[in-house]
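Working notes, beginning with the structure itself.
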Amino acid sequence: MLLADGTTVRVRNIGEEVAVGDRVEIDAAGERIESVHERRSALTRRNSFEGSRAERQVIASNIDTVFIVHSLAAETNERRLERELVLAFDSGADPGLVLTKTDAVDAPRIAETRERLARIVLDVPVITVSARTGEGMDDLRALVGPGSTVAFIGASGVGKSTLVNALVGSEVQRTGEVREDDQRGRHTTVAAELVPLPGGAWLLDTPGLRAVTLWTSERGIERAFAEIFAVAENCRFRDCKHEDEPDCAVREAIGSGTLRPERLTSMRRLVAEEAGVEEELVHRERQSSRRGFRRPRR
């Protein structure tokens with residue numbers, strides 16, 4: 001645990017859910033956590049263990065900006081980017097998209113990728129950088145204000161650790177090579193870590209996320225697919241599913257080419273995923289209530 005004076009101590013955590021970035025109270029002896037302050041933001045996903053029941057995992061908390069990191073040297077998975085946007089919006093922080101490794105590709109590739117992904121992230125800032133040459137790093141630093149806390153999320157191999165080292169100005173994170181065939185890398189960051197930045201900011205570096213699983217949504221989906229929700233305001237029915245209802249503005253926009261059908265398909269998939277999590281939580285709550293009101297034996 002990092003104390004206010006910058007020193008690090010090891011304390012026990014008993015019965016409290018604690019994430020990197022949390023502000024906590026410890027006992028007078030400095031041995032255990034007594035309470036966790038209310039979070040102003042929290043990057044949260046469903047646990048990623050296949051077949052496990054729905055449990056939330058707080059990756060990091062009290063973040064001002066979540067930077068979603070993708071490499072220009074690899075083909076960006078647009079569906080993954082949409083998921084990462086939902087996580088970032090639901091966290092309560094401001095998202096940004098960082099495209100790394102401009103030194104590894106040519107200018108037309110950078111322009112094409114930036115334009116294509118801008119249609120997904122909409123009004124979210126997009127920064128293209130090379131941590132090795134320094135290109136674009138000043139643009140990134142301009143979004144990291146004094147006293148702010150930022151986090152990087154993304155798959156392994158996209159260059160997060162190299163980016164951290166460039167922002168800090170020294171090698172505080174170990175970096176690794178990526179495979180030539182698919183540009184994937186090994187996890188060089190194995191645990192979330194709080195790193196001080198020049199100028200008084202803090203950076204939460206997280207391990208590469210293999211699975212971007214969603215938790216229950218606030219308004220993340222609505223904000224990540226804002227163009228669909230804006231058009232849906234003109235549907236005849238307020239609860240339009242955009243399937244076979246008459247006067248559906250969304251289907252009309254898809255037919256005219258102003259909305260892309262894959263965006264609607266992706267949005268439906270994410271809505272169904274989050275609804276499944278909510279249904280499981282409600283089912284468990286009902287089971288717990290039944291156990292609590294069992295009839296006593298006569």
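Every number in this text was worked out from the coordinates using simple rules, so none of it is lab data. Because the structure is a prediction, the values reported are computed rather than measured. Here the Cβ positions follow ideal geometry from the backbone for every residue, glycine too, while neighbour counts run over all protein chains shown.
Descriptive notes on the structure:
- Panel order for HIS283, HIS242, by other beta carbons found within 10 Å of each beta carbon, from fewest to most: HIS283, HIS242.
- For q = 0.15, 0.26, 0.28 Å⁻¹, Debye-computed log10 I/I(0) when each Cα of the stretch 225-292 counts as one equal scatterer: -0.57, -1.11, -1.21
- For the stretch 204-256, the equivalent ellipsoid built from the Cα gyration tensor has semi-axes of 32, 12, 10 Å, listed from largest to smallest.
- For LYS160, LYS101, LYS241, the sequence from fewest to most other C-beta atoms within 10 Å is LYS241, LYS101, LYS160.
- Cleavage-rule hits, chymotrypsin sites (Phe, Trp or Tyr not before Pro), the stretch 29-111, DSSP coil, Cβ neighbours within 10 Å at most 14: PHE49
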